[in-house]
Amino acid sequence: MDSDPLIAAIADQPDTFSLDGTANVTLRLINTRGGTLKNIVVSTEGDGIEVTPKQEYLQALEADNSGDLVFTITTHKNPTSPSMWITRTVTTTIPSKSSSP
């Protein structure tokens, strides 16, 4: 089974965030594996922020491709960079290779 990682990185975000302001942040998922990843679920949370949606689903991500997910963030504490507050949890189902007898 391919053990290359699924990479999650912030692809786009505003330069600044204002207190009680709302802005979009784009999370890019990059499949560095040799095969398609299926059933990818991204959950977000953070201290002092509200994230919408709280969970996003990507049905499939082909090998050597990327997909973007957009989250809306509302700050409720002194804002800095969302990459410092957001905990990203990415889960996926990786199809196993079946061996023939």
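Only the coordinates and a few stated rules stand behind these numbers; no lab work does. Remember, predicted model here, so these are calculated numbers, not experimental data. FYI the Cβ positions are ideal-geometry reconstructions off the backbone, even for glycines, and counts take in every protein chain you see.
Pairing residues of segment 43-54 that are farther than 17 Å from residue 17 by Cβ and in contact (Cβ under 8 Å) with a residue 40 or more places away in the chain with residues that are basic (Lys, Arg) and in a strand (DSSP E or B), at Cβ distances under 8 Å and at least 6 apart in sequence or on separate chains, gives 43/88. Among residues of segment 3-27 that are within 15 Å of residue 49 (Cα to Cα), those with a beta-carbon under 7 Å from a residue that is loosely packed, with under 15 Cβ neighbours inside 10 Å and hydrophobic (A, V, I, L, M, F, W, C) at least six positions away or on a different chain give the pairs 24/70.
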